[in-house]
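Just below is one structure, and these are the notes that go with it.
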Amino acid sequence: MMQLAAREEPLLNVDNLVVEYGLGNKTVHAVSGVSLQVARGETLGLVGESGCGKSTLGRAVLQLRRAKSGRVLFDGEDLTAMEGEALRQMRRRVQLIFQDPIASLNPRRRIGDIVAEPLVIAGVKDAVERKRRVHDVLSAVGLDPDLVANRLPHEFSGGQCQRICIARALVLNPEFVVCDEPVSALDVSIRAQILNLLEAMKARFGLTLLFIAHDLAVVKAVSDRVAVMYLGRLCEVGPSEQLFARPAHPYTSLLLQAIPVPDPDVRPAESVATGEPPSPIAPPSGCRFRTRCPRADQRCSAEIPELRGVAPGQFVACHHPLA
Amino acid sequence: MSTPLLTIEDIAVELPTPRGNLRAVDHVDLSLQAGRTLGIVGESGCGKTMLSRAILQLLPKKAKLSGRVMFDGEDLVRLAPERLRRLRARELAVVFQDPMTSLNPVLTIGTQLMETIQEHLELDASAARKRSIDLLAAVGIPAPEQRLGQYPHQCSGGMRQRIAIAIALSCEPRLLIADEPTTALDVTIQAQILDLLAREQRRRHMAMIIITHDLGVVAGRADEVAVMYAGRVVERAPTQALFKRMHMPYTEALLAAIPKLDTAPHTPLPAISGRPPDPTRPLKGCSFAPRCRYAAGRCHEAKPELKSAEISGHLYACLHPIRMTEGIGA
């Protein structure tokens, strides 16, 4: 189902994507039939708890993890059907930023070389041209190219390393960037700097973003629309403001209530969330959230809820959505 | 007011590094009554974990510690090793961020719980087993009898943290230090664990210290909050007073930098520019001055002392405090 308004053209269209991992003789159902779209120039936030499949989905979009079934249409072309050189060419247009900025930089290479590497792989042979583009992108992310290019990753803090990772992701002028928990490893004061930088880069380079995070407030700060995932399936998707103001899925509501509010007058609601997510090796039948859901009944265990519209642009997969 | 259970006096911790001595904790005073919760808030490297380790006398061997840690009339820093060991076992307990660091991966959960109980409470095996089951049930573990025979890797992160809490509570401690107890957990599990800690703290009339980087975690759950920056306590106040009228610009900036649920998408966040000072370099003036929007000349010269505000128990270390009177700076 198309979740965008008719006038918005999807740059990315994920259609009924299924990703599974083998684990001994068992199967981990990481992503089980997820469909979503990201409009050109939009930021789609993807939230969920650890193990819900949000990172796997991000990787499957970039074909770093091949899907079992389903399609990933990028600018109209099916990435799941691409291989070899065609895929390599396409990857210039889609990039990834990881959670741990220090671990994603080779400790033995100089910053200038790390940021230039995508250019080398993409076949930019002119060294002067490469140097110019590295210089430009380092300045864009707020680093002084003359000071940092010859230094090694260990000389930088986590926040600076994340700036370097962002520079590396942007040096090829991609159209689409998957940000997988880009600020989770950073301190509060640094987190705000990086979120602001991502917003600025999005405007400057005309990017479309898939922003994956577990922190709803962080996701809301940067996203036009938000998709909520639980145990491999999409629960709800909708415009950020609307979704946070009027969540229709009980899981979205539970996630919102569980966030600690930095205000002593707001008493924490006692045990709004009960239980833990079940294992993705043997997910519950029907609605996967039913084992923790206060509204669950027999229908929820028998029938998988389909995503359907509840308000303009807002879609929910629930048999008993909140009013 | 009754005598505090814990009084930290002028604690300083230095760690030798190849680049010189690192000031991890820079002369901190704190106190805590029985039955109360103190939140210590700060970013990585601010010294909050080293401070908790100094209280428990669990500092790295090469660390240099000065000051006094008075616990119920005894100075833990100068206690004989045997007496300290008894005290740590019975009266002081700690819950760490990563439960796997406190659980032994090759022993069953039952063995780990019962070992602690039998050793310190002098109970026989069947009484210890009974108590273990009760404790696991109290921390919200379903089917506790079956869990006793399982190993830590068979439990989820949230379950492991519940087990670590059960072990910490097993000897009825009078002081529990929870060092980032929920940072490794998902938000729904975090709420459950914080509820659990608050419930057990009330029930047992324990003193509790929650160490966290998240002001949201302490807002609804601590009686008093101490904000640390670069090894020092820069503001300390009863929780309500702190959130209502914070005087230290760092506290204000820390709170402002957190994305809020009620802010519209794409609103630029008030970030704190720069980063904390290098703790191996000597520092003139206020440690936050280079990043502070209110800093003036004097802030770079003189180190502000922690001093009292008009509300009793509200302390701040700033030469240009904000919101000193109603309506100004707010």
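The values are calculated or read from the model by the stated rules, or taken from the named source; none is laboratory data. The structure presented is a predicted model; accordingly, all values stated were derived computationally and were not measured. Here the Cβ positions follow ideal geometry from the backbone for every residue, glycine too, while neighbour counts run over all protein chains shown. SASA here: full protein model, heavy atoms, side chains in, ligands and nucleic acids out. Shrake-Rupley method; radii C 1.70, N 1.55, O 1.52, S 1.80 Å.
Find the residue count for the range B:198-223, including only residues that are within 11 Å of another protein chain (Cβ to nearest Cβ) and farther than 22 Å from B:S44 by Cβ.
Residues meeting the conditions: 4.
May I ask you to say which residue of B:S66, B:S102, B:S52 is of a type in the set (S, T, Y) and farther than 22 Å from B:E235 by Cα?
B:S102
Can you tell me which residue is surrounded by the fewest Cβ atoms within 10 Å (Cβ to Cβ) among those in the range A:1-60 that are assigned to a loop (DSSP other than H, G, I, E, B) and of a type in the set (D, E)?
Let us first name the residues in the range A:1-60 that are assigned to a loop (DSSP other than H, G, I, E, B), namely A:1-9, A:24-25, A:40-42, A:48-53.
Okay, now just the ones that are also of a type in the set (D, E), so A:8-9, A:42, A:49.
Numbers: A:E8: 16, A:E9: 13, A:E42: 20, A:E49: 21.
Once the filter is applied, the top-ranked residue is A:E9.
With B:L58, B:L113, B:L51, B:L87 as the choices, which residue is at negative phi, under 15 Å from the mean Cα position of the chain (by Cα) and modelled with pLDDT under 95? Step through it out loud before you land on a result.
On the way: B:L113 fails: under 15 Å from the mean Cα position of the chain (by Cα); B:L51 fails: modelled with pLDDT under 95; B:L87 fails: under 15 Å from the mean Cα position of the chain (by Cα).
Answer to the check: B:L58.
Tally time: how many residues in the range B:247-260 are more than 8 Å from chain A (Cβ to nearest Cβ), open to solvent by less than 10 Å² (accessible area, probe 1.4 Å) and either within 21 Å of B:I210 (Cα to Cα) or in contact with a Pro (Cβ under 6 Å, 6 or more places away or on another chain) (or both)?
Within the range B:247-260, residues that are more than 8 Å from chain A (Cβ to nearest Cβ), open to solvent by less than 10 Å² (accessible area, probe 1.4 Å) and either within 21 Å of B:I210 (Cα to Cα) or in contact with a Pro (Cβ under 6 Å, 6 or more places away or on another chain) (or both) number 4.
If the requirement is being modelled with pLDDT of 95 or more and of a type in the set (D, E), which of these qualifies: A:D224, A:D187, A:D215, A:D265?
Numbers: A:D187 fails: modelled with pLDDT of 95 or more; A:D215 fails: modelled with pLDDT of 95 or more; A:D265 fails: modelled with pLDDT of 95 or more.
A:D224 is the lone residue from the list that is modelled with pLDDT of 95 or more and of a type in the set (D, E).
Of B:E305, B:E310, which residue is modelled with pLDDT of 90 or more, out of contact with any Asp or Glu (no Cβ under 7 Å at 6 or more places or on another chain) and more than 25 Å from A:R191 (Cβ to Cβ)? Spell out how you get there, then give the answer.
Working: B:E310 fails: modelled with pLDDT of 90 or more.
Within the list B:E305, B:E310, the selection yields B:E305.
Among the residues of the range A:278-297, is any open to solvent by less than 50 Å² (accessible area, probe 1.4 Å), in contact with a Phe, Trp or Tyr (Cβ under 9 Å, 6 or more places away or on another chain), over 13 Å from A:Y230 (Cβ atoms) and within 14 Å of another protein chain (Cβ to nearest Cβ)?
No: the range A:278-297 contains no residue that is open to solvent by less than 50 Å² (accessible area, probe 1.4 Å), in contact with a Phe, Trp or Tyr (Cβ under 9 Å, 6 or more places away or on another chain), over 13 Å from A:Y230 (Cβ atoms) and within 14 Å of another protein chain (Cβ to nearest Cβ).
Hey, any hits in the range B:117-128 for a residue that's in contact with a Ser or Thr (Cβ under 9 Å, 6 or more places away or on another chain), of a type outside the set (A, V, I, L, M) and modelled with pLDDT of 90 or more?
No: the range B:117-128 contains no residue that is in contact with a Ser or Thr (Cβ under 9 Å, 6 or more places away or on another chain), of a type outside the set (A, V, I, L, M) and modelled with pLDDT of 90 or more.
Go through the range B:159-181 and give me each residue that's more than 9 Å from chain A (Cβ to nearest Cβ) and either free of Cβ contacts under 8 Å to residues at least 40 places away in the same chain or not hydrophobic (A, V, I, L, M, F, W, C) (or both). Give the derivation first.
Taking the range B:159-181 and keeping what is more than 9 Å from chain A (Cβ to nearest Cβ), we get B:160-181.
Residues satisfying the conditions are B:R160, B:Q161, B:R162, B:S170, B:E172, B:P173, B:R174, B:D179, B:E180, B:P181.
Of the residues B:V13, B:V77, B:V25, which is touching a Gly at 6+ places or on another chain (Cβ under 8 Å), without any contact (Cβ under 8 Å) to a residue 40 or more places away in the chain and open to solvent by less than 50 Å² (accessible area, probe 1.4 Å)? First the steps, then the outcome.
Values: B:V13 fails: without any contact (Cβ under 8 Å) to a residue 40 or more places away in the chain; B:V25 fails: without any contact (Cβ under 8 Å) to a residue 40 or more places away in the chain.
Going through B:V13, B:V77, B:V25 in turn, just one is touching a Gly at 6+ places or on another chain (Cβ under 8 Å), without any contact (Cβ under 8 Å) to a residue 40 or more places away in the chain and open to solvent by less than 50 Å² (accessible area, probe 1.4 Å): B:V77.
Please determine, by comparing only the residues of the range A:298-316 that are under 26 Å from A:E241 (Cα atoms) and touching a His at 6+ places or on another chain (Cβ under 7 Å), which one is most open to solvent (accessible area, probe 1.4 Å). Reasoning before the result, please.
In the first step, residues of the range A:298-316 are kept if they are under 26 Å from A:E241 (Cα atoms); the result is A:305-316.
Remaining after also requiring touching a His at 6+ places or on another chain (Cβ under 7 Å): A:305, A:316.
Numbers: A:P305: 18, A:V316: 0 Å².
Filtering the range A:298-316 for residues that are under 26 Å from A:E241 (Cα atoms) and touching a His at 6+ places or on another chain (Cβ under 7 Å), the one most open to solvent (accessible area, probe 1.4 Å) comes out as A:P305.
Based on what the data block shows, is B:D195 within 30 Å of B:F71 (Cβ to Cβ) and within 14 Å of chain A (Cβ to nearest Cβ)?
Numbers: within 30 Å of B:F71 (Cβ to Cβ): yes; within 14 Å of chain A (Cβ to nearest Cβ): yes.
Yes, satisfied.
Which one of the conditions (1) charged (D, E, K, R); (2) within 8 Å of chain B (Cβ to nearest Cβ); (3) open to solvent by less than 40 Å² (accessible area, probe 1.4 Å) does A:D263 fail to meet, given that it meets all the rest?
(3)
Of everything in the range B:197-211, what is in contact with an Asp or Glu (Cβ under 8 Å, 6 or more places away or on another chain) and closer than 18 Å to B:I8 by Cα? Give them in sequence order.
Here is the first cut: in the range B:197-211, the residues in contact with an Asp or Glu (Cβ under 8 Å, 6 or more places away or on another chain) are B:204, B:206, B:211.
If the condition is that a residue be in contact with an Asp or Glu (Cβ under 8 Å, 6 or more places away or on another chain) and closer than 18 Å to B:I8 by Cα, then B:M206, B:I211 are the ones that fit.
For the range B:261-292, what are the residues that are among the polar types (S, T, N, Q) and open to solvent by 40 Å² or more (accessible area, probe 1.4 Å)? Before the answer, list the steps.
Residues of the range B:261-292 that are among the polar types (S, T, N, Q), as a first pass: B:263, B:267, B:273, B:280, B:287.
Hits for the range B:261-292 are B:T263, B:T267, B:S273.
Could you check the range B:112-209 for helices (runs of 4 or more DSSP H) lying wholly inside it with 1 or more residues that are among the basic types (K, R) and surrounded by 21 or more Cβ atoms within 10 Å (Cβ to Cβ)? Before you say what the answer is, go through the steps one by one.
Working: elements: B:125-138, B:144-147, B:157-169, B:187-204.
Qualifying helices (runs of 4 or more DSSP H): B:144-147, B:157-169.
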